[in-house]
Structures are given as C-alpha cells and as structure tokens.
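The values are calculated or read from the model by the stated rules, or taken from the named source; none is laboratory data. Note that the structure is a prediction, hence the values are computed from the model and not measured. Positions of Cβ are generated from backbone atoms using ideal geometry, with glycine treated the same way; all protein chains shown enter the neighbour counts. Protein only, heavy atoms only, side chains kept; ligands, DNA and RNA dropped before computing areas. Shrake-Rupley method; radii C 1.70, N 1.55, O 1.52, S 1.80 Å.
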Amino acid sequence: MIPFDLIPISPYNGRMREWHLGPGDPLALVLAADFRLTQPDYLNDQIWELDTLSGEPPALALRTTYGLRARSMRLFPSFTEDGKTVIDPAQFAAPILVHHLYPNFLSLTFSPFKGVDVNAEYWITTSQVAAGRLTITNRDIRPHPVKLEWIGQLIPINGQPLSPVQMQSVTVLAGKTENLAPVVFITGGPQPGPGPYPSLLLGVDLTPGSTRTLTWVHAAMNDHQASFEAARRTAARPWDAERGRIEVVNRNQTVDITTGDPDWDAAFTLSQKTAFGLLFP
C-alpha cells in the first residue's frame, strides 16, 4: 500500500492517458449523458452499461432497461467470415482492451478474426440517444470479406421486440416497450440480417490495408418517427470533433493520480468517471 500523501497527483497535461484494460482489470463501464456536455432529462435519463460477462448470447453488449421500462435492451455486433460467425468475446482472435473511459464515452479494440482489427467507440449523446462507431481494418496481406450484423435484442414490457422495418427507404430496427419506441439505425445501407436475432446486415469487404468506418445510433423517444429523426440527426454529427470536445472537458476537469500500481491508477480514474456520471446540473 502506498501512503496517499506520497502519490503524485496532477491535472492531465496534453492528451488524456491511454489505458490498456482487459479481462481481469478493474472496470466500471456504465455510460450516461454528461451534464457538462448536454442537458440530461432527469425524468427520462436512460443509463447504459457495456457488458461482456452476462446475457444470452454472450456478446460485447451495450445494455439498458430504460429505467425498468424494459426487461432488457442489448446492442451488440456479430462478425461472419468464411461461414464462421463470432459473437462471444471469448472467441475473438484478440481480446477486448479498453483505451479511453469518460462518463459518456469509451473506446476499445479487439479482433474478431486474425488480421481484422476493430476499434469500437460508444457515445451517449443525450438522455435518450446512444451512438457508436466501428472502425474495421484489415491488417492482413489477404482480403477479408466480412459480414457485420448489428443486433438489437429487446425484451419489452407491454410492447413488441425489435424487428426490421423501412423508414424513409432506410432499413432500421424498431420496437416498443412501455411508452418508448426505440429505433436502431446504422450507416452504409443495411439489409435485414439472416441470423436468429433482429439485426442490420452489412457486407464489409476489406482489401489488404483497407479500413471501413460505420456509425450506428439508437434513439428511444415516445414515437418511432421522433426516434428515427433523432438517430439520423445524430449519425450526421462530426464524430471526431465531438470526441475532441469530450476529451478537452475531461482533460481539464480530471485529476491524474499515479501510484505505480496500474490497478490503483485505473480505480482512481474510474471513481472520477463514475462521480461525473452521477451529477445533474
């Protein structure tokens, strides 16, 4: 144990620290709208958690209950190549590593197949909208024709599970639970997925060294049209600029505590992340 008065403490300088947190490391991957960057809706604040340990099927799943207005809502990817489908993180060629953690944003990397790297980012933009970006890169010397399914698994209360529907000539997933009408949208012109779970399917043909970036958005308003419009509007926002704004706010308001023990360093950072996520203006 290091005496607390001997721990170097300072504001972050330059870029935020990049972590490499994986299985067995201390993690608290709860995400919510950040009051410093948006106006949270106190009466309808939808809290999410990134989970790799529970659920059926096991998956890298962003999950919520909409404040107990659904039994469960999960969003997760499925990757298929050469007839092999991978959903369970335990079957990934390279494990999940979390690199950046903020109250409303996190980024991580993994490889579903050898030579195929994925950078996944998750961003809670408002109390009713969650978004993400998948950057898929072929690090191999051969092509990788990958099929991506973005799956939405809703177990509703007084409603209907998600299913593919057409809205303004775009295929989305739409469902109903209590007074919410969630819609899941992804860029790239998806088709309904063929798998056992409601999904949006995209072919990602990766030549050696190539990269493909896709943006998905989930919105849960009181009706499907409002949810769809919020999803489309969010997908058009400048992702890199928004991420830069998040990093600046957190760099200026987070204290960097270095103990010499990576687990303690992560715990101190996660405690600050959690604290900011609990605040309202």
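Can you tell me the accessible area per residue over segment 73-172, all protein chains present, probe 1.4 angstrom, in square angstrom? Working shown, then result.
Working: 3560 Å² over 100 residues.
Accessible area per residue: 36 Å².
When only the heavy atoms of the protein chains count and the probe is 1.4 Å, how do ARG233, ARG36 rank by accessible area, highest first? Let's see the in-between values first.
Values: ARG233 150, ARG36 45 Å².
Of ARG233, ARG36, the descending order of accessible area is ARG233, ARG36.
Can you pull the accessible area of ILE155 for me, 1.4 Å probe, Å² to the nearest 10?
Near enough 80 Å² of accessible area.
Just to confirm, what accessible area per residue do you get for segment 212-260 at 1.4 Å probe, in whole Å²? Don't jump to the answer; show the numbers that get you there.
Details: 2260 Å² over 49 residues.
Spelled out: the 1.4 Å probe surface of segment 212-260, per residue, equals 46 Å².
With a 1.4 Å probe and all protein chains kept in place, how much accessible area does LYS176 have, in Å² rounded to the nearest 10?
That residue has around 60 Å² of solvent-accessible surface.
Sketch the reach of a paramagnetic label on SER169 as a point 7 Å from Cα along Cα-to-Cβ, and name the residues of segment 194-222 whose backbone nitrogen lies under 15 Å away.
No residue qualifies, since no backbone N sits under 15 Å from the label point.
Using a probe of 1.4 angstrom, how much of the accessible area of segment 149-281 is carbon and sulfur, in percent? Walk me through the numbers before you get to the answer.
Details: 3310 of 6050 Å².
The C+S portion of the solvent-accessible surface of segment 149-281 is 55 percent.
Would you mind computing, in nm to one decimal, how far apart the modelled labels at ILE157 and ALA93 are, each placed 7 Å from Cα along Cα→Cβ?
Label-label distance for ILE157 and ALA93, simple model: 4.3 nm.
For n ≥ 4 DSSP H runs only, could you compute -39500 (n - 2.57) per run for the chain, divide by its residues and tell me the 222 nm figure to the nearest 500?
That calculation yields -5000 deg cm²/dmol at 222 nm.
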